[in-house]
Amino acid sequence: MTDTTSFLGQSTTTQGPIGSQPRALLPSGTRLLPPCHQTVTRGRYPKDGMAKILIVEDEQDLQQVLEYNLKQAGHEVVATKLGQEGIRLAREQKPDLVLLDLMLPDSSGIEVCRALKENAGTKAIPVLMVTARGEEIDRVVGFEIGADDYVTKPFSVRELLLRIQAVLRRGKPEPEGTDVLVEFGRLRIDRGAHRVWVDEQEIELTALEFKLLVTLYDRRNRVQTRSALLDDVWGIQADITTRTVDTHVKRLREKLEAARDYVETVRGVGYRFVGSPDEATT
């Protein structure tokens, strides 16, 4: 028998073991995954990590492969090939995460993401963009309108599942023993509610921006390299450029307004959250 590789968006066949039997895992014509990656999707993640995931992808075979593997991992899946239908489903179904293709037949993924982030009922839903377009400008635009992560085709099932778990973990409550309410000069952070205020004015952050802020604050007065932030904030050793970190920090500082200088740039190294409010230049 033959199996396709686990790199979705790129179909390459390899000969299976001698004597192995064909498996009817998916409808005829759908690309299958080798046994090593089927075991990745079964029982690898804890039950409390399961979630409802909305797939907005117009490529039918890829949509089926994504749906199959997410269900194998224990997730509940809702799928559509249309952007506007995806917006409606997100508002009605309230998924824990949206897998969103950038190129859709009726509207662009950028427009769908913007619509989700501008609606009060869906703005807190994490969005993971899945697309064949890997230009850095596309990633930057996606992040600027609120996307939480970005995966470029072809990608492996293992990578995608790890990224999904990383995004979902950002929304989990802080461990016991962590200060839930933090006050630092003009800044106030409520970890439990995922809310942030500057001068008593609440500001809206995406789940990733909130995680970035809390990570920098918890390590205040210590320089954090871009690669360390990629590993710790994005949750895995992500195959994305350090430009991604710069884009998110820039957007975070813009949102912090009067407290923006609590986050300093250390040229050639990374970023540092000041040790005390008095150290800020403003």
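The values are calculated or read from the model by the stated rules, or taken from the named source; none is laboratory data. Predicted model only: the values in this text are computed from it and were never measured. In this analysis, Cβ positions are derived from the backbone assuming ideal geometry, glycine residues included, and neighbour counts consider all displayed protein chains. Note: accessible area is taken over every heavy atom of the protein model, side chains too, but ligands, DNA and RNA are not part of it. Shrake-Rupley method; radii C 1.70, N 1.55, O 1.52, S 1.80 Å.
Things worth noting here:
- Scanning region 244-269 for residues that are within 16 Å of Ser227 (Cα to Cα) and surrounded by 20 or more Cβ atoms within 10 Å (Cβ to Cβ), we see that the one that is modelled with the lowest pLDDT is Thr244.
- Screening region 40-124 for helices (runs of 4 or more DSSP H) wholly inside it with 3 or more residues that are modelled with pLDDT of 90 or more, within 16 Å of the chain's Cα centre (by Cα) and farther than 20 Å from Pro154 by Cα returns the ranges 109-118.
- Region 202-216 - residue that is open to solvent by 20 Å² or more (accessible area, probe 1.4 Å) and in contact with a Leu (Cβ under 8 Å, 6 or more places away or on another chain) and, of those, nearest to Val269 (Cα to Cα): Leu205
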